[in-house]
1. Going through the stretch B:125-179, which GluC sites (Glu not before Pro) have at most 16 other Cβ atoms within 10 Å and a DSSP loop state?
2. Just the projected area, averaged over all directions, of the convex hull on the alpha carbon atoms of the stretch B:101-186: how many nm²?
3. Hey, any idea what Rg/Rh is for the protein assembly as shown, computing Rh the Kirkwood way over Cα pairs?
4. At 7 Å along Cα-to-Cβ for each site, give me the label-to-label distance between A:S77 and A:E140 in nm.
5. Length gain on complete extension for the stretch B:A288 to B:D666, per 0.36 nm per residue less the alpha carbon to alpha carbon distance?
6. If you average 1/r over every pair of different alpha-carbon atoms in the stretch A:2-76 and take one over that average, what Kirkwood value in Å do you get?
7. Towards the positive end of the charge dipole of chain B, with charges on Cβ (+1 Lys, Arg; -1 Asp, Glu), say which of B:C231, B:G688, B:A140 has the farthest Cα.
8. Rounded to two decimals, what is the ratio between the C-alpha radius of gyration of the stretch B:627-695 and 2.2 N^0.38 Å?
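What follows draws every value from the coordinates through simple rules; no lab data is involved. Every value quoted in this text rests on a predicted model; they were computed, and no experiment measured them. We place every Cβ from the backbone using ideal geometry, glycine too, and count neighbours over all the protein chains shown.
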Amino acid sequence: MLKLTINGETREVDADPSTPLLWVLRDHLDLTGTKYGCGIASCGACTVHVNGRAVRSCVLPASAAQGQQITTIEGLSSDASHPVQQAWVELDTPQCGYCQPGMIMASAALLEENPSPTDDDINSKITNICRCGTLPRVREGIHRAAEIAAKGEQA
Amino acid sequence: MSREAVCISRRGFLAGSAATGAGFMLAMKIPFGSDAHADDLPPEINAWVVVNDDDSVTIRIARSEMGQGTLTGLAQLVAEELECDWDTVQWEFPTPGQSLARERPWGSFSTGGSLGIRSSHQYVREGGAAARTMLIAAAAKQWQVDAGECSARDSVITHGPSGKTLTYGTVAATAATMEVPDEVTLKDPKDWRVAGKSKARLDTREKVDGSLRYGADLTFPGMLHAAIHACPVHGGTRKSVNASKAENMPGVHKVVEVGNDAVAVVADSWWQAKTALEAVDVIWETGAATEVNSESIDQMMVEGLSATEDRIFVGNQNGDAPAALKAAKKTITADYRFPMQSHAPMEPMNTTAIWTEDSCEAWVPTQNGEAALEAVAKAAGLFPEQCEVHKVILGGGFGRRGMHDYAIQAVQIARQFPGTPIKLLYSREEDQRRGYYHPLTHARMTAALTDEGELDALHIRISGISILASLRPALQAETLDPFVFQSLGPDGDPPAGDHMGIYEVPNLLIDHAMRNIHLRPGFWRGVNANQNVFYMESFLDEVAQAAGKDPLTFRRGLLKSQPKAQAVLDVVAKKAGWGRELPASHGLGLAVCKSFGSFVAACAEVSVIDGKLTMHKIWAATDPGYAVNPQQIEAQIFGSFVYGLSGALYQEMTVEDGAVVEENFDTYPSMTLAQMPEVESTVMPSGGFWGGVGEPTISVAAPAVLNAVYAATGKRIRHLPVKDQALA
């Protein structure tokens, strides 16, 4: 039995320990906000936070995630109020939206580490792909989220 | 209650009342609200409009939403005429089964060709206007006044003389019984208040918190998961299967044969199914196709460039290009090539299906709900009336989801598990291997100039794959495929004129040597305009160079009869500062075309330093005739550069032993933020026509960038993708 801490809750899962975290989230816990895109950590659709850092869950064995704090898109905020989510809504960033949970989780982790990233920082840290082509609004969204977060801190 | 009884009551119910929702057969609650409609239904005013008790309005959207924003745009058009309060607008997808039962009140469900809005704007606006007329009539009846004295705005009806008001919700039940107006007058677009404005999308919130369930995310009680492996050599068949190892792996219920060319594992979870599938040994029967590889395909296409067989299809001509080229003192010629590409939407193909002897229900991420229902029914061995397809929001489509091979497979698997919901999900590798690829073509471009350096003659010989021939094999031998000539075709009424070549050339010949292969071609976002505009716009720069003329001036000279094309070209040239002094190793490049009914242009600024390409900025302009939601058009322009330039720079499906090689994003990369140039878009609707916006800009992306590469380096790239070709 795997024991995982997800979005602050401890969950027990009867899955093979080698099962990637992504599939434990999706098929065992019905947390389907985290998406499958490639299975080889190439596209970023499956990005979650492990101890606050962006991790591609499609290649992380669930056993290795035990004892770690895992956050999925469902746990980023309870009401889409995270600055990245606010910025995404404000700019209408998503198109089809399938890659966006991963894009949002990667962006949130970047801002946690670097509250006012430059374009170069964004280029090197956000390597998720989006086939619809939301990239310009992702970039703008990260800058906007940084502003929202900064204002929130002042308030 | 028997299923039959349920079906009959459903039909009777639908004939006179509102559309019902998902799960009517099996009482399954689908985990998203869009096509679910409670039993206690609020009044449907007509097929498009339901007015709820709280005065909010539900607008029905028949076309598919795959990111392109059609859902919001169509809702804006209905709401504009309905005069409802935009802030209260909700939406739902009617199902293809409801459409069938009600004799297609929503028209076509097909969503492709950048047609979603431009082919339905008229009747959806009429739907909104008719509903408004009926709501006003209902209020007038209640007040015992003349409807002509009443008006509506923001879901409130006002009687002018008395100033009395009623809200839509209070008169909805009466309105539903009012006479349907014979004709309605639509607003002049210059008076639009909701349409034409940059409204926020209606489907954003659920896309930022992970709550939206795509097809891949659906879960039903008792559902089993399926992973599939079909013959990677398209057209091949399954010869033998050894599943003894896989059948004993954890969670596996069964290894099943699917159609004549695939095998699937059905298990408790998808990861178990996929893992076990890798342990299944399959031997395929692939025949001569196994001998095909990229080199042999290219040889076949090169041969077509000079072929003189009878079956050369002429797509556009005027004057006598062969004679003019023969008589010319000097001709310019160059060969171009465009690769096969996979759509690679982020959400892999999937369908969830439940089959019994007399019913089949499927949740299909589809670009054409009606075609999906047909495909599901056929695979189920049932009549369409016994089946239902539920539409979901798509995780990308780009043309791939207009085909329904994956839905058919899901039903074929579900038939082997009667009564059990089966979710079939492709792996990324399967998605790549079993694509319908962008057609590969080559082109030989030959031009002649007059002594004054004017373009006198142009012959474009296209050699390559026809999508239409693949879809209609019976016609292949003798039928021209008009899609092959997209954006190079003759002028004419839509749809032909939507893809006309814009340049006036005294002697013109564009013809096609059809060369098909066993791998399936398909409509890939932008379709054949992508390569044709790349060929035309790159080569025009070559011809301008040979004529000693500036590429902008040269193009303008050929666009005298196309003021709208000239206008978008002029805008991008002006915004980019065409002719300005550039930093060392920088270049500007132009491209312009008409495709999918819109006029589009781009000007790119790039630099190439030590062989490394940097795209600094692209200025883009689109004249779609009418702009229903300018900020969403901007999003489509941005997206077109990402999709088009990912293809032009990096993406190619190569072939070895009859199968494609690139099976995942490591070998089939897509652009990331580090490569993405700044894009400045100008949306400049000039009125008088309706053009699409999801695809046209793709075709100008590659030539604008590669003309800029030439301007920066003197290096002409004629083969796509650029990939590892030296740029200096």
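1. Taking the stretch B:125-179 and a limit of 16 other Cβ atoms within 10 Å, the loop GluC sites (Glu not before Pro) found are B:E179.
2. For the stretch B:101-186, the mean projected area of the Cα convex hull comes to 6.9 nm².
3. 0.97
4. A separation of 1.9 nm, rounded to one decimal place.
5. Gain on extension, B:A288 to B:D666, equals 133.1 nm.
6. It is 11.8 Å.
7. In chain B, that residue is B:G688.
8. Expressed relative to 2.2 N^0.38 Å, the Cα Rg reads 1.49.
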